[in-house]
Amino acid sequence: MAFKLSFTTLLMAGLAAHAQTPAALKDVFKGYFHVGAALNQAQFEDRDARGGIIVRTQFDTISPENVLKWESVHPRPDAYAFDAPDKYVAFGEKNHMFIVGHTLVWHSQVPAWVFQNAKGEPLDRDGLLQRLHDHIRTVVGRYKGRIGGWDVVNEALNEDGTMRQTPWLKIIGEDYLLKAFEYAHEADPKAELYYNDYSVENQAKRNGAVELIKKLKAGGAAVTAIGLQGHDKMEWPTIEQQDATILAFQQLGIKVNITELDVDVLPAASQQRTADVGLSVEAHAKLNPYAGGLPDTVQQALARRYGDLFAVFCKYRGTVSRVTFWGVTDGDSWLNNWPVRGRTSYPLLFDRQGQPKPAFQAVIRAARQGSVK
Ligand code: XIL
């Protein structure tokens, strides 16, 4: 307890030193949107005291980094692993947070058996629909009224806006999305339901996503929002692309959530501008230039970049309902190990010691400037 108290004091002093007045993102953005973070298991199990304090003081919504993905929550046909997700949900409730579920249908982090029958042969459409229905009824049903919103389908589109050839699409056909939304709505009629993807800021993929949302709505799906993952770079998306993307979905009458925000300052590891978790690139010293620390010029550029992005999010208050960072501190970020293992990445608002970075102050300033418009 003594440790906890003194740590809080230190954290608040750290915030104060940077901002004069201690600021909490969730308070500063009240009236704009919820601000949140994806939590790893140590954070929601209270094994990461420093991370836990940041989460509790800064954020009012949480997402599960891994524990609700199919391979984690439903590893074998007859086995569900609810221990970790139960703790995740309890953490959110205890701290009065909006709790997100991620994710019901995806082609990654899903076991091979999902698409096979008992003999290891490909499952047919009815068999897979039945399995999907059972999974969604069981998982969404368990947290009915507690998890407020679900990423129902993650990453169904290719870069050119066509449908990604996943086992879901190949076995069930294009209506797998409609079915997933139908099953989720049936399991918890009050939960918000989302379609989530990356690189939607690019014109071709955005057009595909607009068509997809239109089709879902025409088919009667209860789509609340599109999730823009927001795995951003320093130069991408441009502010114009970010703005046009939010506007495109606002015009469809749905909300926009920024669901996995981080800004990568490291050199591009591949020509592909993607957030595809399947990408893997060999380590090379040139790809890890800031292992000893981030130069101030880059730190300041990152702060400006965050300020610019948040200015757009603030402009679309009322449409943007939530901005969630994919991790709490730089040390937690998946970008330390993707697409290259073992890099030192700086994509978030809190550094490896849990101290707010200049980017944190830039984000706070964006809120204050936005509110006087
Ligand atoms: C990432 C997690 O952060 C990693 O821990 C895991 O090893 C791979 O997945 N898009 C998504 C997230 O929708 O689920 C991914 O999360 C990051 C990219």
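Would you mind telling me which numbered condition in (1) touching a strand residue (DSSP E or B) at 6+ places or on another chain (Cβ under 9 Å); (2) under 30 Å from Asp134 (Cβ atoms) Asp232 fails?
(2)
I'd like the residue in the range 230-276 that is within 16 Å of the ligand (Cβ to nearest atom) and more than 18 Å from the chain's Cα centre (by Cα) and, out of all such residues, is modelled with the lowest pLDDT.
Gln272
Here's the yes/no breakdown for (1) part of a loop (DSSP other than H, G, I, E, B); (2) of a type in the set (Gly, Ala, Ser); (3) crowded, with 19+ Cβ neighbours inside 10 Å; (4) free of Cβ contacts under 8 Å to residues at least 12 places away in the same chain:
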{"residue": "Leu212", "(1), (2), (3), (4)": "no, no, yes, no"}
{"residue": "Gly227", "(1), (2), (3), (4)": "no, yes, yes, no"}
{"residue": "Pro237", "(1), (2), (3), (4)": "yes, no, yes, no"}
{"residue": "Val256", "(1), (2), (3), (4)": "no, no, yes, no"}
{"residue": "Glu260", "(1), (2), (3), (4)": "no, no, yes, no"}
{"residue": "Ala268", "(1), (2), (3), (4)": "yes, yes, no, no"}
{"residue": "Gln272", "(1), (2), (3), (4)": "yes, no, no, yes"}
{"residue": "Glu282", "(1), (2), (3), (4)": "yes, no, no, no"}
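Given the structure, is Tyr183 within 16 Å of the ligand (Cβ to nearest atom) and either buried (at least 23 other Cβ atoms within 10 Å of the Cβ) or not β-branched (Val, Ile, Thr) (or both)? Steps first, answer last, please.
Numbers: within 16 Å of the ligand (Cβ to nearest atom): no; either buried (at least 23 other Cβ atoms within 10 Å of the Cβ) or not β-branched (Val, Ile, Thr) (or both): yes.
When the stated conditions are applied, Tyr183 does not pass them.
Taking the range 100-124, which residues are under 28 Å from Gly327 (Cα atoms) and more than 16 Å from the ligand (Cβ to nearest atom)? So that I can check it myself, show each step before the final result.
Kept after step one, since they are under 28 Å from Gly327 (Cα atoms), are these residues of the range 100-124: 100-112.
The answer is Ala112, and nothing else.
The values are calculated or read from the model by the stated rules, or taken from the named source; none is laboratory data. This is a predicted model, so every value here is computed, not measured. Positions of Cβ are generated from backbone atoms using ideal geometry, with glycine treated the same way; all protein chains shown enter the neighbour counts.
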